[in-house]
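To start, the structure under review is shown below, and the notes come after it.
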Amino acid sequence: MTFTVRRAGPYDGDVLGEIHAAAWEAAYAPFFDPGFAADGIAGRRTRWHARLAEQDSTILLVEREGGRPVALSVHRPSSTRPGFAEILSFYSHPDSWGSGAAAVLMTGTLEDLRGAGFARAHLWTLRDTPQSRRFYTKAGFTESGATRTYDFGDGQPLAQVEYGRTSPVPS
């Protein structure tokens, strides 16, 4: 299967929302009360038009042959680690899991970071999501040793671990 990476445009809010909501539901909803999870899924479907309008980060999409977007990433300069880029969001639609779309998107994201002058990148992921953690390790990220808790808004903070990569793009 062939994939293409491109920057998201102002018309991509709905597709970004669908990818984010579907991926979040599959990977994160089990951590929350069903009502809170349902609200979180609905909010993820609608928040992307505003994020696109903010233009404070780079949003990339990966499309399958035929133009259907199936994965997204968001990155910008890190607010906590000078000289690093931070990958703020990285989601693929569950029906594309195992297809190679996420690997293509990660390569495109890292190439975009290198083109923007970043030699280092970091990201945070939930401690208890082994599929995500395996993916980031396979993509060349290593645990930095830093941990934090993050409250998604339900008053029940979840543990996160930080991953970093000193050379964003393979040679």
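Does region 144-157 hold any residues that are under 17 Å from the mean Cα position of the chain (by Cα) and open to solvent by less than 70 Å² (accessible area, probe 1.4 Å), and which are they?
First, pick out the residues of region 144-157 that are under 17 Å from the mean Cα position of the chain (by Cα): 150, 152.
F152 - this is the single residue of region 144-157 that is under 17 Å from the mean Cα position of the chain (by Cα) and open to solvent by less than 70 Å² (accessible area, probe 1.4 Å).
P94 versus (1) surrounded by fewer than 19 Cβ atoms within 10 Å (Cβ to Cβ); (2) over 22 Å from M1 (Cα atoms); (3) modelled with pLDDT of 95 or more: which is the lone unmet condition?
Single failed check for P94: (2).
Which members of region 105-143 meet the condition of being open to solvent by 50 Å² or more (accessible area, probe 1.4 Å) and of a type in the set (A, V, I, L, M)?
Passing the criteria: A116, A119.
Return the only residue of E18, E25 being under 17 Å from the mean Cα position of the chain (by Cα), part of a helix (DSSP H, G or I) and farther than 21 Å from D128 by Cα.
That would be E18, the only listed residue that is under 17 Å from the mean Cα position of the chain (by Cα), part of a helix (DSSP H, G or I) and farther than 21 Å from D128 by Cα.
Quick one: A102 ticks every box in (1) in a strand (DSSP E or B); (2) buried (at least 17 other Cβ atoms within 10 Å of the Cβ) except a single one, so which number is it?
(1)
Among the candidates S73, S78, S89, single out the residue that is surrounded by 16 or more Cβ atoms within 10 Å (Cβ to Cβ), out of contact with any Ser or Thr (no Cβ under 8 Å at 6 or more places or on another chain) and among the polar types (S, T, N, Q).
S78
Report, by residue number, each residue of region 49-58 that is in contact with a helix residue (DSSP H, G or I) (Cβ under 7 Å, 6 or more places away or on another chain) and either under 14 Å from R7 (Cβ atoms) or in contact (Cβ under 8 Å) with a residue 60 or more places away in the chain (or both).
L52, T58
The values are calculated or read from the model by the stated rules, or taken from the named source; none is laboratory data. Keep in mind that what you see is a predicted model, and the values were worked out from it rather than measured. In this analysis, Cβ positions are derived from the backbone assuming ideal geometry, glycine residues included, and neighbour counts consider all displayed protein chains. All accessible areas refer to the heavy atoms of the entire protein, side chains included, with ligands and DNA or RNA removed. Shrake-Rupley method; radii C 1.70, N 1.55, O 1.52, S 1.80 Å.
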